[in-house]
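One structure below.
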Amino acid sequence: MPDLLLELFSEEIPARMQRRAAEDLKSLLTNALVDAGVTYEGAKAYATPRRLALHVAGLPAGSKATREERKGPRVGAPEKALAGFLRGAGLSSAEEAEVHNDPKKGDFYVAVIEKPGRKTEEIVADVMPDIIRNFPWPKSQRWGSGSLRWVRPLHSIVCTFGPETEEPEVIPFEVDGIVSGKTTYGHRFMAPEAIDVRRLEDYMSKLEAAKVVLDADRRKDIIEADAKNAATALGLELVEDAGLLEEVAGLNEWPTVLIGSYDESFLQLPDEVIQLTIKVNQKNFVLRDPATSKLTNKFALTANIVAKDGGTKIIAGNEKVVSARLSDAKFFWETDLKTKLESNVSRLQDIVFHEKLGSVAARVDRLERLAAEIAPLVGADIEQTKRAARLAKADLVSAMVFEFPELQGLMGRYYAEAQGEDAAVAQAIEDHYKPAGASDDVPTSPVSIAVALADKLDILAGFWAIDEKPTGSKDPFALRRAALGVIRLVLENDLRLPLRDVLVQSLRRNLADIAAARGENALSELPFIGKGKAGEGVVKDIFSMVSKAADVVLANVSDKIPETSLESGLIDDLLGFFADRMKVVLKDKGVRHDLIDAVLARGDQDDIALIVKQAEALAGLLGSEDGANLLAGYKRAANILRAEEKKDGKTFAGKPDASLLEERVEKDLVAALDGVLAEVKPMLDATDYSGAMAALAKLRGPVDGFFDNIHVNAEKAEVRENRLKILSEIRAAIHQVADFSKIAG
């Protein structure tokens, strides 16, 4: 079957856009072919700095003719209905439609739409101009006198079609004066002459001969292998960087690896600074000593040419730029070291964290207080924790972080170490942003944990206070990531954290800062303050305390907020947000989300670690035969209770009357319930959830025996009510562990 070869040849396409553009070209053309009734066996897209290419294999010679009958309104229907039908069917009048008869519904219109088959070449020639003109580049430009907008000036188009056994034909079309053909061009410098191509194999081999490697993944393999080999020859190893490798492959059509060096005096800079400087400014890889894992003064660069002098001038040029940039970095480093981190804290007042939440300096004050309260809960030294929180954001005003924002935290650690801060404090300054993603490490040092938790909880409480919550897929302030970070910090360090209390304290501080910085109007805008006179009173009470000491404000502000707003409304909403994130975490562990709901439904629970342990223990119980049968028995009991309580208009709480127990199985069940209730409570108090679940599983036999042998709705009213109390006891006993009504199945 025929194959299609397409190439769009232009000036250099930004590396970051190439892969997406190649896939967009593939999807746009193949979707257009399928919509036109043309199927294909396979398609593959390619990209180099100067071209997008597409090969579509196994295309038929053309599309098949189609005939479609589209049913319309009945004859005599309103004019609007008829006009809409005619317009949708592409008919100009009712006379062009057929009239069919239905014995039950009468006569109705039918549009017969016949589409003749078309040659594949015609379809491609028809759709390609629009694809090119409307290509979804992130950024595009118009040049010269033409109207076409493209990422860079488009020079030529290759479009050939035909079977392997025949000479392919050029599919003719034109875009802004550029006519499709079979001519492309090789490497800009080493083989710039025109090349006539036929199909994919011929195209790739001729490009290779013209010093162009078409496949980006192959270019990546060449760069990585050559760089590793060159490093090994020097007794060194390559510091791998997947993102940089992808970018460099998008900058070179004929990658050639060379080794450069810089003055050893720059090695006094932190390794991360050296690597980032060389990467950002020259797109080069750094090399390290495998014996020490420290960087050396060598780097690997990738040229887009095989130079006649062996690359001497290219290496010299890169070395000159690298040395200049490292000199800048050294100046930043030495300048920053002259200023104590403590001195930088006051400068944070000039940086706005959020217009409604004040400056970064105000946020640092909140972090210091909140981290100090969390410290005892995680076994951290309070004074070290306060110091770390105080200095955590100080590197944001350093020259190095201004140049390389991605080094925030890390540079703070280096400056803290150089200025004699405690090791735990320095480490916490770096770690407090972590974990920043699913693959990021979780801090394990107590001081780091305390400051990292404070950082994330303050963000969540603050943005909840101003009603800036994630909506749908939008999360501009990364609040989902912050919540997941808190959950990972707690779970992976096996911490006990009273989340509600900590969030309330954090919310108090945000409210105090809002009041102090922006006045009464800012508080009035908050969604949970309340409306009318009650809300006005709350605002005035809070604002009247702003002039007093901060401790007074923090001690009283929560009392001035309506309990239904702060304690039950806002905080419960935020805890629900955490519950949703926990479901994501537990799903990865194989625990169903409904088990989290069952555990949370027990009541006011905000200890993440205990919630997860309960859910995991519940999963273990329900995975056993006893647990599955107990769930079935619970649902049967709950259904009967629900129906009878609705019918009688009352509940059946209370202990069953022993004198009304007529059958042995109900006596056995009551005795088992008493035993399990006595056994489960101390286990729950000791957080022995597996033991509590195992104790609960003992009810399986007595519950089965009760339902197999007892008629609950006995003729005697007092016996019936007593048996309903037994069912209520079953429900209450199980609800001590989890609300089984939330469990699916």
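General observations
- Inside the range 699-745, residues that are within 26 Å of A615 (Cα to Cα) and of a type in the set (A, V, I, L, M, F, W, C) make up a count of 12.
- Of everything in the range 458-515 that is open to solvent by 10 Å² or more (accessible area, probe 1.4 Å), farther than 18 Å from D580 by Cβ and charged (D, E, K, R), the residue that is nearest to the chain's Cα centre (by Cα) is E492.
- Verdict on K655 being part of a helix (DSSP H, G or I), among the basic types (K, R) and either open to solvent by 10 Å² or more (accessible area, probe 1.4 Å) or without any contact (Cβ under 8 Å) to a residue 40 or more places away in the chain (or both): no
- Listed by position, the helices (runs of 4 or more DSSP H) enclosed by the range 308-387 that each have at least 3 residues that are among the hydroxyl-bearing types (S, T, Y), farther than 30 Å from R500 by Cβ and open to solvent by 20 Å² or more (accessible area, probe 1.4 Å) are 312-337.
- Which listed residue is under 21 Å from L29 (Cα atoms), touching a helix residue (DSSP H, G or I) at 6+ places or on another chain (Cβ under 7 Å) and surrounded by fewer than 17 Cβ atoms within 10 Å (Cβ to Cβ), from P172, P163: P172
- Residue ID - farthest from R602 (Cα to Cα), chosen from residues in the range 711-745 that are among the acidic types (D, E) and open to solvent by 50 Å² or more (accessible area, probe 1.4 Å): E715
- Every condition in (1) open to solvent by 40 Å² or more (accessible area, probe 1.4 Å); (2) small (G, A, S); (3) more than 27 Å from the chain's Cα centre (by Cα) holds for A436 except the one numbered (3).
- The range 402-433 - residue that is in a helix (DSSP H, G or I), of a type in the set (G, A, S) and open to solvent by less than 30 Å² (accessible area, probe 1.4 Å) and, of those, farthest from G485 (Cα to Cα): A416
- Residue match in the range 269-283 (condition: under 18 Å from H187 (Cβ atoms) and part of a helix (DSSP H, G or I)): no
- Boolean, E237 is farther than 19 Å from H55 by Cβ and of a type in the set (D, E): yes
- Pair list, Cβ < 7 Å and 6+ apart or interchain, from the range 574-589 residues that are free of Cβ contacts under 8 Å to residues at least 60 places away in the same chain to residues that are part of a helix (DSSP H, G or I): A579/I596; A579/L600; K583/H593; K583/I596; L586/I596; L586/V612; L586/A615; K587/H593
- Scanning the range 103-130 for residues that are surrounded by fewer than 18 Cβ atoms within 10 Å (Cβ to Cβ) and assigned to a strand (DSSP E or B) gives G106, D107, V110, V112, I113, E114, K115, K119.
- Restricting attention to the range 590-629, the residues being outside any helix (DSSP H, G or I), of a type in the set (A, V, I, L, M, F, W, C) and under 26 Å from the mean Cα position of the chain (by Cα) number 1.
- Only residues that are closer than 17 Å to P498 by Cβ and surrounded by fewer than 17 Cβ atoms within 10 Å (Cβ to Cβ) were counted in the range 578-608, giving 4.
- Of E663, E644, all but one fail to be of a type in the set (D, E) and open to solvent by less than 30 Å² (accessible area, probe 1.4 Å); the exception is E644.
- Every residue from the range 277-294 that is farther than 26 Å from R16 by Cβ and either crowded, with 18+ Cβ neighbours inside 10 Å or touching a helix residue (DSSP H, G or I) at 6+ places or on another chain (Cβ under 8 Å) (or both): R288, K294
- Conditions (1) without any contact (Cβ under 8 Å) to a residue 12 or more places away in the chain; (2) over 27 Å from the mean Cα position of the chain (by Cα): number failed by T335: (1)
Results for (1) touching a residue at least 24 places away in the same chain (Cβ under 8 Å); (2) closer than 19 Å to D597 by Cβ, shown as yes or no for each residue.
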| position | (1), (2) |
| --- | --- |
| L699 | yes, no |
| V712 | yes, no |
| E715 | no, no |
| V719 | yes, no |
| K725 | yes, no |
| H735 | yes, yes |
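- Looking only at residues of the range 666-696 that are in a loop (DSSP other than H, G, I, E, B) and of a type outside the set (S, T, N, Q), we find that the one that is surrounded by the most Cβ atoms within 10 Å (Cβ to Cβ) is D688.
- In the range 128-142, the residues that are within 15 Å of N31 (Cβ to Cβ) form Cβ pairs under 8 Å with partners that are surrounded by 17 or more Cβ atoms within 10 Å (Cβ to Cβ) and of a type in the set (D, E), at six or more places apart or across chains, as follows: F135/D24; P136/D24.
- The residues in the range 676-695 that are among the basic types (K, R) and in contact with a Lys or Arg (Cβ under 9 Å, 6 or more places away or on another chain) can be counted, and the count is 0.
The values are calculated or read from the model by the stated rules, or taken from the named source; none is laboratory data. Keep in mind that what you see is a predicted model, and the values were worked out from it rather than measured. Neighbour counts are summed over all protein chains in view; Cβ atoms, including those assigned to glycine, are modelled from backbone coordinates with ideal geometry. Ligands, DNA and RNA are excluded from the accessible area calculation, which covers all protein heavy atoms including side chains. Shrake-Rupley method; radii C 1.70, N 1.55, O 1.52, S 1.80 Å.
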